[in-house]
Amino acid sequence: MAGKVFFSVSMSLDGFIAPASLGELMGRQWMELQQWIFPQRFFRENLKLGEGGEEGRDNDIVRETFERTGASVMGKRMFDAGEQMWPEDPPFHTPVFVVTHTKRDPWERAGGTTFHFVNDGIEAALDQARAAAGDRDVRIAGGGETILEYVNAGLVDEFSIALSPVLFGSGIRLFEGVDASKVALEPVRSESSPRVTHLTYAVRPR
């Protein structure tokens, strides 16, 4: 059976998942938003940041998200930012399908990550990702506009939000422009840790 299509993001209490400018990525606000994940043992090992790190439910969730993912889809904006920041061995270790208007040959990296560039829309990218993922899940990795396109097209089955105790005030809102007339949510799970609250919802047609 084909797996689910999902996304998993960190979000501020006022609804933002990223700063408005690419130049602000890795800035103070973004680092505060993501501060729950940096100490986790699996995250550190996956990015080769060194040995050690915390174990517990936050770490389990990071590992489970990685293990369920057989392929990822992302937008060009996220790829452009990541191309400058990801190490030689990026943290995906699966095929990644980039929705873009730019024609480019596949870009093979260390550790099993190959970026494929898809020029004919979000559904074509998802079809290719499903084929690559087999019976594992497809993660819509980001950014916000790409996630929203998939939500509004009715192509997302489930999502998880790591709700961080941070206020942004401005930036990229996760659900800015969502077609609420078509999207209904069903709570699946809520788990809290000292740093963050994990919320999971199933997505249903309204």
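Identify, from the list T146, T113, the residue that is open to solvent by less than 30 Å² (accessible area, probe 1.4 Å), among the polar types (S, T, N, Q) and more than 12 Å from G75 (Cα to Cα).
T113
Regarding P91, is this residue at pLDDT below 95, under 18 Å from G143 (Cβ atoms) and part of a loop (DSSP other than H, G, I, E, B)?
Judged against the criteria, P91 is a match.
Each row is one residue, and each column tells you yes or no for (1) touching a residue at least 40 places away in the same chain (Cβ under 8 Å); (2) in contact with a His (Cβ under 7 Å, 6 or more places away or on another chain); (3) among the small types (G, A, S); (4) over 17 Å from S8 (Cα atoms).
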position	(1), (2), (3), (4)
W107	no, no, no, yes
V118	no, no, no, yes
L126	yes, no, no, no
G143	yes, no, yes, no
E158	yes, no, no, no
L167	yes, no, no, yes
K182	no, no, no, yes
S192	no, no, yes, no
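Given the criterion of a type in the set (A, V, I, L, M), over 29 Å from S21 (Cβ atoms) and either in a strand (DSSP E or B) or touching a Ser or Thr at 6+ places or on another chain (Cβ under 6 Å) (or both), identify the matching residue among V188, V138, V166.
It is V188.
Would you check if E83 is under 16 Å from the mean Cα position of the chain (by Cα) and either at pLDDT below 95 or outside any helix (DSSP H, G or I) (or both)?
yes
Only residues that are over 27 Å from S193 (Cβ atoms), touching an Asp or Glu at 6+ places or on another chain (Cβ under 8 Å) and either open to solvent by 30 Å² or more (accessible area, probe 1.4 Å) or of a type in the set (D, E) (or both): list them for segment 63-85, please.
Residue satisfying the conditions is R77 alone.
Counting only residues that are closer than 22 Å to T65 by Cα and in contact with a strand residue (DSSP E or B) (Cβ under 6 Å, 6 or more places away or on another chain), how many does segment 87-112 have?
Summing the residues that are closer than 22 Å to T65 by Cα and in contact with a strand residue (DSSP E or B) (Cβ under 6 Å, 6 or more places away or on another chain) in segment 87-112 gives 7.
Residue check, I122 against (1) open to solvent by 30 Å² or more (accessible area, probe 1.4 Å); (2) over 21 Å from G15 (Cβ atoms), all met but one. Which one?
Single failed check for I122: (1).
Anything in segment 118-135 that is assigned to a helix (DSSP H, G or I) and of a type outside the set (D, E)? List them, or say none.
Result: I122, A124, A125, L126, Q128, A129, R130, A131, A132, A133.
Please specify each residue of segment 169-185 satisfying the condition of being in a strand (DSSP E or B), open to solvent by 80 Å² or more (accessible area, probe 1.4 Å) and in contact with a helix residue (DSSP H, G or I) (Cβ under 8 Å, 6 or more places away or on another chain).
R173
For residues in segment 44-62 being under 19 Å from S164 (Cβ atoms) and free of Cβ contacts under 8 Å to residues at least 40 places away in the same chain, which is surrounded by the fewest Cβ atoms within 10 Å (Cβ to Cβ)?
D60
Going by the structure shown, is S160 open to solvent by 60 Å² or more (accessible area, probe 1.4 Å) and among the small types (G, A, S)?
The answer is no for S160.
Name every residue in segment 31-75 that is part of a helix (DSSP H, G or I) and within 21 Å of L148 (Cα to Cα), in order of residue number.
Once the filter is applied, which keeps residues that are part of a helix (DSSP H, G or I) and within 21 Å of L148 (Cα to Cα), segment 31-75 yields L33, T65.
The values are calculated or read from the model by the stated rules, or taken from the named source; none is laboratory data. Quick caveat, the model's predicted, so the values are computed rather than measured. Cβ sites come from the backbone with ideal geometry, for glycine too, and all protein chains shown count toward neighbours. Just so you know, the surface numbers come from the protein's heavy atoms only, side chains and all, with ligands and any DNA or RNA stripped out. Shrake-Rupley method; radii C 1.70, N 1.55, O 1.52, S 1.80 Å.
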